[in-house]
Amino acid sequence: MTALLELEGVNGYYGASHVVRDVSLRVNEGEVVTLLGRNGAGKSTALKIIMGMVRCQRGRVMWRGRDVSALATHRLAREGLALIVEDRRIFSLLTVEGNLRVAMRRGSPWQLSDIYRIFPRLEERRRNGAGKLSGGEQQMLAIARALLNGPSLLLLDEPTEGLAPVIVEHLADTLAQIAAGGMTILLVEQNLAVCERLANRHYILEEGQIVYHGSSPEFRLADHVKKLYLAV
Ligand SMILES: Nc1ncnc2c1ncn2[C@@H]1O[C@H](COP(=O)(O)OP(=O)(O)OP(=O)(O)O)[C@@H](O)[C@H]1O
Ligand SMILES: [Mg+2]
């Protein structure tokens, strides 16, 4: 299997506080991989290190076999990495379609019609102001905008956080569809049912360190691991 992204002994700090510790992980092309762990474990920081938003101190971030640890965020975006964060970066004064059009890029394999096929809800709301969308719809718009840029890897930070159960289901279906289309995804997510459904492999972070790694079938049976490291 071809590794798209590899972290090799990566460390990250906020001032003197060492929040990501010798983290190594790998995401192969076409895989969905989760990064799990309790609040404050370092999951978002790990994503920010990958995306060049927090400096990688010691260790390396490898992208398609090349060291990208020192690249700036916009360069990484151009390389095909897309981070979708909790605070959804949409333009509330534009319509839904306006937001999508701003994100469109020439040469991207993703067109507006593809987006509307996957997110029929966004098509229904295309003339609405984006600021009026529900939380779930805003999350869909944020993912749609990232897709239009034609990324090779989606980094998703808690996409279902704060959403009603029926919307979570819908979003999980949509992510499953995107993954089935061949998208590679690194997912930070608290909802274990969603994780187990979508992912091929799982990593758990605890106090900045990887304490577990397993395939989805292994993880499904690992009740002790979930009790020990996750809030279940
Ligand atoms: N900008 C910051 N400055 C200083 N400390 C920070 C900053 N961001 C996060 N931290 C701290 O770093 C540690 C890891 O935070 P991080 O946000 O990566 O955790 P997380 O696993 O994403 O948690 P959550 O599940 O709550 O989102 C925490 O102790 C947090 O308080
Ligand atoms: Mg977080």
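Annotation: lysines with alpha-carbon distance below 25 angstrom to LYS43 (same-chain offsets under eight excluded): LYS226, LYS227.
Axis angle, to the nearest 10 degrees, between helix 165-180 and the longest C-alpha principal axis of the chain: 80 degrees.
Listed peptides 1-9, 18-26 appear in the order 18-26, 1-9 once ranked by packing, highest mean of other Cβ atoms within 10 Å at the front.
Cα centroids of the range 143-210 and the range 23-80: 15 Å apart.
Taken about its Cα centre, the range 3-229 carries a charge dipole of about 700 debye when Lys and Arg each add +1 at the Cβ and Asp and Glu each add -1 at the Cβ.
As a fraction of the 1.4 Å probe accessible area of the chain, surface on carbon and sulfur atoms comes out at 50 percent. Size descriptors for the range 1-95: radius of gyration and Dmax over Cα atoms are 14.0, 44 Å. Note that the chain presents 47 Å² accessible area per residue, ligands and nucleic acids not counted, probe 1.4 Å.
Ratio of Rg to Rh for the range 64-140: 1.03 [Cα atoms; Kirkwood radius as inverse mean 1/r over pairs].
Over the chain, Cα pairs under 8 Å with separation of 6+ residues give a relative contact order of 27 percent.
Start at zero, step by 5 Å, and the Cα-Cα distances of the chain spread as 1, 7, 15, 18, 20, 17, 12, 7, 3, 0 percent across the bins. Dividing the summed -39500 (n - 2.57) terms of all DSSP H runs of n ≥ 4 by the residue count of the chain sets its mean residue ellipticity at 222 nm at -10000 deg cm²/dmol.
The values are calculated or read from the model by the stated rules, or taken from the named source; none is laboratory data. Worth saying up front: this structure is predicted, and the values here are computed from it rather than measured. Positions of Cβ are generated from backbone atoms using ideal geometry, with glycine treated the same way; all protein chains shown enter the neighbour counts. We work out accessible area using only protein heavy atoms, side chains counted, and drop any ligands, DNA or RNA first. Shrake-Rupley method; radii C 1.70, N 1.55, O 1.52, S 1.80 Å.
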